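Asker: The structure is given below, and queries will be raised subsequently.
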Protein chains: 2
Amino acid sequence: MDKTTQSTESICESQPKWSWIQGGIAAPQGFRAAGVKAGVKYPNKYDVALVYSEAPAQAAGVFTRNKVKAHPLLLTKKHLENGVAQAMVANSGNANACVGKPGDEAAWAMAVKTAEVLGIAAEDVLVASTGVIGAELPVERVTKGIGAASLEISKKISPEEALQNSHQAALAIMTTDTVVKEAACELLTENGKVRLGAMAKGSGMIHPNMGTMLGFITTDATIPAPDLQELLSEAVEESFNMVTVDGDTSTNDMVLVLANGKSGITLNSGEWAEFRRMFLAVCKKLAQDIARDGEGATKFLEVQAFGAATVEDARKIAKSICGSSLVKTALYGEDANWGRILAAAGYSGAEFDPDQVEIYLGHVLVAKEGQGVNFSEEEAKEVLIKKDVTIKLLLQEGQAQATAWGCDLTHDYVTINGDYRT
Amino acid sequence: MDKTTQSTESICESQPKWSWIQGGIAAPQGFRAAGVKAGVKYPNKYDVALVYSEAPAQAAGVFTRNKVKAHPLLLTKKHLENGVAQAMVANSGNANACVGKPGDEAAWAMAVKTAEVLGIAAEDVLVASTGVIGAELPVERVTKGIGAASLEISKKISPEEALQNSHQAALAIMTTDTVVKEAACELLTENGKVRLGAMAKGSGMIHPNMGTMLGFITTDATIPAPDLQELLSEAVEESFNMVTVDGDTSTNDMVLVLANGKSGITLNSGEWAEFRRMFLAVCKKLAQDIARDGEGATKFLEVQAFGAATVEDARKIAKSICGSSLVKTALYGEDANWGRILAAAGYSGAEFDPDQVEIYLGHVLVAKEGQGVNFSEEEAKEVLIKKDVTIKLLLQEGQAQATAWGCDLTHDYVTINGDYRT
């Protein structure tokens, strides 16, 4: 594979040759998925997801930076060491975190059961869990669920049923999510089509410090594991790591990607650039889906920081504004409180001159040279009553830019999290 | 003055010879205070506070680390350069921040007016403001208020009236505060009494990154400005900087201290140690008052981190737990969700081994060796239904410890901040 030296940012400037298609995690050739109700979450909810690749796939992952790491995460990291995997299994309703040895055993049992029913090696199974921390995983229910899911996967099914199975897998990784998050797309190469499939979950305990949620991505392109790892790590920086819902970094976050080469296509230099763009677009879409589905959220917030001295500064500022409780509550209250926006930029740790900053709510200039301008409250209100709100900062320090996504802080966030465990 | 080499921590181990007394900011000799209703905040609320020292006082201050700094803050920093001041003036209802040149002029006008009515130099006036950012200060109302306050101060009044005046000054710096925050105490030395007086405000936009609120402290002890600055900076680290309400660092935070020497007493080595302890106790009390009065709070949270490798690690962990939206909502919901506590420690940035951690809710051990123990949910509930809740972590990494204070995250926090400006 011949990689370009273009950054993902600059790639995004050119015209795409890829397109969104129907489907989810099993859209690429040679992948199958299923979701079942195993009784982990609560009765009659999908809670065990299985993704299977017909051939051993090149694999890569990124993981939470939290010091406290869930048991399946540790196992999955180990299983990724050789860059090869053939299945991903996940449960919701229980994080399998902070329960000691039984937790390690439960994660291993999930891998063993998956291997057994699919006829592959346990070391080629990647395991993920999400849900409440500190409660022992009901292993028998989960392994029974894995058995049921493997039956679904081995059935001869129609394309419609395949779509439904993917969808159920995406349902099975949800916790407080209210919306299914999946995506699929396709790139035309000179030798035919390659596809990407993806699903994610995330609603609370979301903060830009790695992983930030569960994400699963598949492709039938031929990509060696090191390239896959680099692709994923880069894309995560600009997508999942730019989302914040509540500033809490989870113990379980991970994003995994499998490339099984079933399309038979190795991308040339130009195609690889296109593929990277497509990959980043999928990651950004899922990241935005997560922000939009933030616990209790009524509004989606995009913060764009332009003209920073460095990308790092631009990211700090965009994330700090997205994460500010006071900005988030003002958004909820549809209040054009730009002072809180500037204050959040001010404590972000980024270098900039506050007296140079311009702030826009949507298209409305609300502050200039670090102070308020005489804007129309009515025009600002028109921006703020919408479900999607964009805040833009022009820093006049340099050329770097970054975008972060978040949501408002609402009464429902408090209600949801005031009574999650019990 | 002969300073001991004891740390403030170790000083706190010995028996105090000082005591709390009635009163507030004007409790020390030679200080007078007043609060008036100047029409800045809203009709019939106290909003301009004036504190006057009969003699020029040694002065020190600490200030917000936010890049965006309010206009009065910049002026006050300048006026502190020579370590001398004679008056402190503050208004609530308007932060006088981010309004450009008129903001600098307004802060200067407050200093000039104060100097004029008190017959002192404008350079000896320290100015503070708190309230909404980005709106121009109604200077005429404020200066008229300063005139009215100076009349109060020049009156011959009874001790009861003096107490009331102090109280009104403390009222006049409140914004969304629901409780007046003031304190006074007294130390018996071999040459007589020295006193401390203090008042503070803070409820939202509170986060441990310097100042974090407005605080004013007075003493009639004789203390040179450099010692006063060191005393203040040290005490702030362990008190105001260990409070978080919502993670938002304000543009206006400052803590000021004046020492006018009116007691005629210079402290000897042992007395200085006692005085430092008293000073720290006052700062901690006001810091806790602020956490307890957090916007919308129904519960007060104290987090103690013991056995950290370094004080810095202990502080990071304690603050991170106090600041976690998920811990705060669980506290509101009276949910013994120790997993969120451990997760917040995990992303604090501190070094520790999660598998060694013990967590207590009040006296109830809920997790050990990084995993849950079989605790009585009933006993935990008894701890959590109280208004004051303590979380304790034993890290088994070393000897360092730290304590942080915060509050729960409630529906009312969202209501208050969803509609503050308009």
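The values are calculated or read from the model by the stated rules, or taken from the named source; none is laboratory data. A quick note: this is a predicted structure, and the numbers were derived from the prediction, not measured. Cβ: placed from backbone, ideal geometry, glycine included. Neighbour counts: every protein chain shown. Protein only, heavy atoms only, side chains kept; ligands, DNA and RNA dropped before computing areas. Shrake-Rupley method; radii C 1.70, N 1.55, O 1.52, S 1.80 Å.
Residue-wise test of (1) within 19 Å of A:V132 (Cα to Cα); (2) aromatic (F, W, Y); (3) buried (at least 24 other Cβ atoms within 10 Å of the Cβ); (4) under 24 Å from the mean Cα position of the chain (by Cα).
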| site | (1), (2), (3), (4) |
| --- | --- |
| B:R315 | no, no, yes, yes |
| B:S320 | no, no, yes, yes |
| B:D335 | yes, no, no, no |
| B:I341 | yes, no, yes, no |
| B:G346 | yes, no, yes, no |
| B:V366 | yes, no, yes, no |
| B:V373 | yes, no, no, no |
| B:K381 | yes, no, no, no |
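Asker: Find the residue count for the range A:258-306, including only residues that are open to solvent by less than 20 Å² (accessible area, probe 1.4 Å), in contact with a strand residue (DSSP E or B) (Cβ under 6 Å, 6 or more places away or on another chain) and among the aromatic types (F, W, Y).
Answerer: Number of matching residues: 2.
Asker: With (1) of a type in the set (G, A, S); (2) farther than 19 Å from B:F216 by Cβ; (3) crowded, with 18+ Cβ neighbours inside 10 Å as the list, and B:A121 as the residue in question, which single condition is left unmet?
Answerer: Going through (1) of a type in the set (G, A, S); (2) farther than 19 Å from B:F216 by Cβ; (3) crowded, with 18+ Cβ neighbours inside 10 Å one by one, B:A121 breaks only (3).
Asker: Residues that are free of Cβ contacts under 8 Å to residues at least 12 places away in the same chain and away from chain B (no Cβ under 11 Å): list the strands (runs of 3 or more DSSP E) wholly contained in the range A:294-391 that include at least 1 such residues.
Answerer: Qualifying strands (runs of 3 or more DSSP E): A:364-368.
Asker: Being in a loop (DSSP other than H, G, I, E, B) and crowded, with 24+ Cβ neighbours inside 10 Å: is that true of B:N82 here?
Answerer: Judged against the criteria, B:N82 is not a match.
Asker: If you don't mind, another one. Of the conditions (1) more than 14 Å from chain B (Cβ to nearest Cβ); (2) open to solvent by less than 20 Å² (accessible area, probe 1.4 Å); (3) touching a Ser or Thr at 6+ places or on another chain (Cβ under 9 Å), A:Q58 clears all except one; give me its number.
Answerer: (2)
Asker: Separate question: Only one of (1) crowded, with 24+ Cβ neighbours inside 10 Å; (2) out of contact with any Leu (no Cβ under 8 Å at 6 or more places or on another chain); (3) among the aliphatic types (A, V, I, L, M) is not met by A:V127, so which one is it?
Answerer: Failing condition for A:V127: (2).
Asker: Another question about this same structure. Quick check: is even one residue across the range B:201-213 modelled with pLDDT under 95, open to solvent by 10 Å² or more (accessible area, probe 1.4 Å) and over 15 Å from the mean Cα position of the chain (by Cα)?
Answerer: No.
Asker: Now, a different point. Taking the criterion of being in contact with a helix residue (DSSP H, G or I) (Cβ under 8 Å, 6 or more places away or on another chain), in contact (Cβ under 8 Å) with a residue 60 or more places away in the chain, more than 10 Å from chain B (Cβ to nearest Cβ) and not in a helix (DSSP H, G or I), would at least one residue in the range A:408-420 satisfy it?
Answerer: no
Asker: Condition first: farther than 16 Å from B:M174 by Cβ and buried (at least 17 other Cβ atoms within 10 Å of the Cβ). Can you find one or more residues in the range B:32-45 that meet it?
Answerer: Checked against the condition, which is being farther than 16 Å from B:M174 by Cβ and buried (at least 17 other Cβ atoms within 10 Å of the Cβ), the range B:32-45 yields at least one hit.
Asker: Let me ask you something else. Within the range A:85-103, which residues are within 25 Å of the chain's Cα centre (by Cα) and part of a helix (DSSP H, G or I)?
Answerer: Scanning the range A:85-103 gives a single hit, A:G103.
Asker: Name the residues in the range B:61-86 that are among the β-branched types (V, I, T) and more than 14 Å from every other protein chain (Cβ to nearest Cβ), would you?
Answerer: Residues satisfying the conditions are B:V62, B:T76, B:V84.
Asker: What are the residue pairs meeting all of these: first residue in the range B:94-108, first residue open to solvent by 10 Å² or more (accessible area, probe 1.4 Å), second residue outside any loop (DSSP other than H, G, I, E, B) and β-branched (V, I, T), Cβ atoms under 8 Å, and 6 or more apart or on different chains?
Answerer: Sorted first by the residue in the range B:94-108, then by its partner, the pairs are B:E105/B:V139.
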